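Chemist: Sharing a structure, written as structure tokens. Questions coming.
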Amino acid sequence: MEVDLFDYELPEELIAQTPLADRTASRLLTLNKATGEVGHHQFEQLIDYVKAGDVLVLNDTRVIPARLFGVKRDTGAKAELLLLKQLEGDRWETLARPAKRLKVGTRIDFGPGPDDQEGAGLPQLTAVVEEEADMGGRIVRFEYNGIFNEILERLGSMPLPPYIKEQLSEKERYQTVYAKHEGSAAAPTAGLHFTKPFLDRLVDKGVKLAYITLHVGLGTFRPVSAERVEEHEMHEESYHVSAEAAGIINEARARGNRVIAVGTTSARTLETAAREHMQGGLLQPCRGSTSIFIYPGVELLMVDALLTNFHLPKSTLLMLISALAGRERILAAYREAVERKYRFFSFGDAMFIY
């Protein structure tokens, strides 16, 4: 299957640069996966499309301020690291810029200390490049005094996608209101539309909430470089499904209610678990790493419906939702979204495929 089959035209002005002040003020496009019927609503009307007993599966990962700007110690040249995954101890998998100039042994310094403190002028954090990887990847080891997460909170910035040019005025706006477990290099953006009061309204209706964790990593930032879909390789990301979440999901399925994934990260976690951690038809608590790649022709075993944002042309995420609803229906819905000037990508509007 050609990757070009998942291309579409998107005017640049439809790429949302800033989040709305009110999370629930986004628009909502609905798509019936069986009929192709498209509807246009406000996000809070999602409550009309879910039923008592349905379960919303939400990814409670928390984004770390993973983008670091520093200088090479030997030359003073600017360098940038994007933290993707903690390996062990102080070793991290990162994306580096300019990668060609960051060879093994290079030391990158971040954040000179205040002049009025001990160690004035010394870097608060140093990264030593230990390994080179493909497409700008680098394994680095950090050196520092103190608590790493506190230093990162001071020095790091939110790793917004490259198509967002505006600065984010409030870090928490790139977190879901239920973000809990730190470890992601990007937000599970479908969840950004929820507020705590709206989640309470859903619960009052009888909708169940199940929280799982998938830490978003390298796959989010790497485009599909292969010409054919089947040749693309996904990067591994770590996930966890607790006993509580598995129980809520199993109960919903036993009742005949729907499992609704909030975001493609939740969908990938559920589909991994459905393939690797089912016993007697029941989902088991589990944790591990997944590199699952879902595209048309790959059957979804667990996800009945999906809340998501609008995705980049020719992206793996566009391929995933096409596996759920069909490529033609997805692209037709996207054309309608463009015509009606929906806001696209991370800070954009939402889509509910049911």
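The values are calculated or read from the model by the stated rules, or taken from the named source; none is laboratory data. Nothing here was measured: the structure is a model prediction, and the numbers come from that model. A quick note on method: Cβ atoms are made from the backbone with ideal geometry, for glycine too, and the neighbour counts reach across all protein chains shown. In case anyone asks, the SASA skips ligands and DNA or RNA and just uses the protein heavy atoms, side chains included. Shrake-Rupley method; radii C 1.70, N 1.55, O 1.52, S 1.80 Å.
Chemist: Take the conditions in contact with a helix residue (DSSP H, G or I) (Cβ under 9 Å, 6 or more places away or on another chain), open to solvent by 10 Å² or more (accessible area, probe 1.4 Å) and over 14 Å from residue 352 (Cα atoms) and apply them to residue 52. Does it pass?
Modeler: It is true that residue 52 is in contact with a helix residue (DSSP H, G or I) (Cβ under 9 Å, 6 or more places away or on another chain), open to solvent by 10 Å² or more (accessible area, probe 1.4 Å) and over 14 Å from residue 352 (Cα atoms).
Chemist: Looking at 63, 71, 57, 104, can you tell me which residue is more than 18 Å from residue 158 (Cβ to Cβ) and under 19 Å from the mean Cα position of the chain (by Cα)?
Modeler: 57
Chemist: Still on this model: On the basis of being at pLDDT 95 or above and not assigned by the TED database to the domain that holds residue 225, does residue 56 make the cut?
Modeler: no
Chemist: Let me spell it out: the conditions are (1) modelled with pLDDT under 95; (2) exposed (fewer than 14 other Cβ atoms within 10 Å of the Cβ), and residue 224 meets all of them except one. Which number is the exception?
Modeler: So residue 224 meets the others, but not (2).
Chemist: Looking at 307, 331, 282, 324, which is the one that is in contact (Cβ under 8 Å) with a residue 60 or more places away in the chain, farther than 21 Å from residue 229 by Cα and of a type in the set (A, V, I, L, M, F, W, C)?
Modeler: 307
Chemist: May I pose another question? Name every residue in the stretch 43-59 that is of a type in the set (S, T, N, Q) and over 14 Å from residue 308 (Cα atoms), in order of residue number.
Modeler: Hit for the stretch 43-59 is 45, nothing else.
Chemist: Residue by residue through the stretch 320-345, note down the ones that are open to solvent by 10 Å² or more (accessible area, probe 1.4 Å) and either in contact with a helix residue (DSSP H, G or I) (Cβ under 6 Å, 6 or more places away or on another chain) or of a type in the set (Val, Ile, Thr) (or both).
Modeler: Within the stretch 320-345, just 338 meets the criteria.
Chemist: Moving on. Those residues that are touching a residue at least 60 places away in the same chain (Cβ under 8 Å) and part of a strand (DSSP E or B), I need them from the stretch 22-55; list them, please.
Modeler: 27, 28, 29, 30, 31, 38, 40, 55
Chemist: Considering only the stretch 172-184, I want to know if a residue exists there that is among the basic types (Lys, Arg), on the phi < 0 side of the Ramachandran plot, surrounded by 15 or more Cβ atoms within 10 Å (Cβ to Cβ) and in the same structural domain as residue 215 (by the TED database).
Modeler: Looking through the stretch 172-184, at least one residue is among the basic types (Lys, Arg), on the phi < 0 side of the Ramachandran plot, surrounded by 15 or more Cβ atoms within 10 Å (Cβ to Cβ) and in the same structural domain as residue 215 (by the TED database).
Chemist: Inspect the stretch 189-197 for any residue being touching a Phe, Trp or Tyr at 6+ places or on another chain (Cβ under 9 Å), surrounded by fewer than 20 Cβ atoms within 10 Å (Cβ to Cβ) and not acidic (Asp, Glu) and give the result as yes or no.
Modeler: Taking every residue of the stretch 189-197 in turn, at least one turns out to be touching a Phe, Trp or Tyr at 6+ places or on another chain (Cβ under 9 Å), surrounded by fewer than 20 Cβ atoms within 10 Å (Cβ to Cβ) and not acidic (Asp, Glu).
Chemist: Any idea how many residues of the stretch 198-221 are open to solvent by 60 Å² or more (accessible area, probe 1.4 Å) and closer than 16 Å to residue 263 by Cβ?
Modeler: Result for the stretch 198-221: 2.
Chemist: I need the full set of residues from the stretch 1-49 which are open to solvent by 70 Å² or more (accessible area, probe 1.4 Å) and under 23 Å from residue 168 (Cα atoms), in order please.
Modeler: Across the stretch 1-49, the qualifying residues are 12, 13, 21, 22.
Chemist: What strands (runs of 3 or more DSSP E) completely inside the stretch 117-228 contain at least 2 residues that are in contact with a helix residue (DSSP H, G or I) (Cβ under 9 Å, 6 or more places away or on another chain) and within 30 Å of residue 286 (Cα to Cα)?
Modeler: By residue number, 137-144, 181-184, 208-214.
Chemist: Here are 274, 261, 245, 254: which of them is over 30 Å from residue 65 (Cβ atoms) and open to solvent by less than 70 Å² (accessible area, probe 1.4 Å)?
Modeler: So the residue among 274, 261, 245, 254 that is over 30 Å from residue 65 (Cβ atoms) and open to solvent by less than 70 Å² (accessible area, probe 1.4 Å) is 274.
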